[in-house]
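Student: Please read through the structure below; I'll follow up with questions.
The values are calculated or read from the model by the stated rules, or taken from the named source; none is laboratory data. Quick caveat, the model's predicted, so the values are computed rather than measured. Here the Cβ positions follow ideal geometry from the backbone for every residue, glycine too, while neighbour counts run over all protein chains shown.
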Amino acid sequence: MALLVAVAGAAGVYFLYTALVLGWEGVQVGPRTGGRRPRRRRAEQWLVQAGLDGVKPSEFLAVMGLLLVLGAGLTFVVFGALLPALAVGAFAATFPGASYRSRRRQRRRRAAEAWPRMIEEIALLTGSLGRSIPQALFEVGRGGPEEMQPAFEAASRTWLVTTDFARSVTVLKNGLADATADAACETLLVAHEVGGSDVQRRLAALVEDRVADVHGRKDAASKQAGVRFARRFVLFVPVGMALCGLTIGNARAAYASPQGQLGTVGAVAMVGACWLWSGRLLRLPEEERVFVD
């Protein structure tokens, strides 16, 4: 037992020293060689796609925790029951994720719709007006959608300082964090490095591919519009029924009883499960990003 305690103490000191002094992450004997953890990187990419590139994942989780406390507190005041309050608070904590998921979807949709026009303008500038591909890309980007302009400005600064188009494209892709942007940027990078007379043909093929993808997604979204509205409407029906039930007799005491608490928790759990399940069924497949650094 003494040996185990000594080994555990030595391991704890080692991990504390390597974490605080050397900046190592994880419970391992050496530094992490794969860069940031994949989950953290995916979370940061998700926030960038939602237009929250200045928000840390820890800050996002803090907002979810605050909503959990507020939702649980308000529900406890109304119903006077602990378990339903915790269930509703947990459900309320999912609202930031749902809201930013919708925001992320809208940003990606606007970017996907803008890229065909932007590529056509790039083809015009590089063909008729004799611009180079980097000049045409950054010139068109300055007139693109507002949410895309910061990424184009950062990439343009990188190009002016380094004249390294590959590095500038990497900055642009990281700033946009979008599969459509990845495909467009990589096509332009290959066309810039290879050159030749078929640049216009490659750009035309890319425009055709992007237009087909946008039209397909628009058609699918229009077919789902009614179902999405019904999904949101049905979410408020149980809430209205629960509030109406409070006005009948000694309903508050019934909610506070053990049977009432279990029934309310079960109802909240079923509503949340159906909400998440229906959202998963309605989710359109997303394109995977390519050549991500």
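Student: On the given criteria, is residue 172 buried (at least 18 other Cβ atoms within 10 Å of the Cβ), out of contact with any Ser or Thr (no Cβ under 9 Å at 6 or more places or on another chain), modelled with pLDDT of 80 or more and not small (Gly, Ala, Ser)?
Tutor: No; evaluated as a whole, the condition is false for this residue.
Student: Continuing with this model, one more query. Take the conditions touching an Asp or Glu at 6+ places or on another chain (Cβ under 8 Å) and modelled with pLDDT of 75 or more and apply them to residue 213. Does it pass?
Tutor: Yes: the conditions hold for residue 213.
Student: Now for a different question. Do we have any residue at all in region 183-198 that's among the acidic types (Asp, Glu), within 21 Å of the chain's Cα centre (by Cα) and at pLDDT 80 or above?
Tutor: Scanning region 183-198, I find no residue that is among the acidic types (Asp, Glu), within 21 Å of the chain's Cα centre (by Cα) and at pLDDT 80 or above, so the answer is no.
Student: For the structure I just gave you, tell me whether residue 232 is without any contact (Cβ under 8 Å) to a residue 24 or more places away in the chain, of a type outside the set (Ser, Thr, Tyr) and part of a helix (DSSP H, G or I).
Tutor: Criteria met by residue 232.
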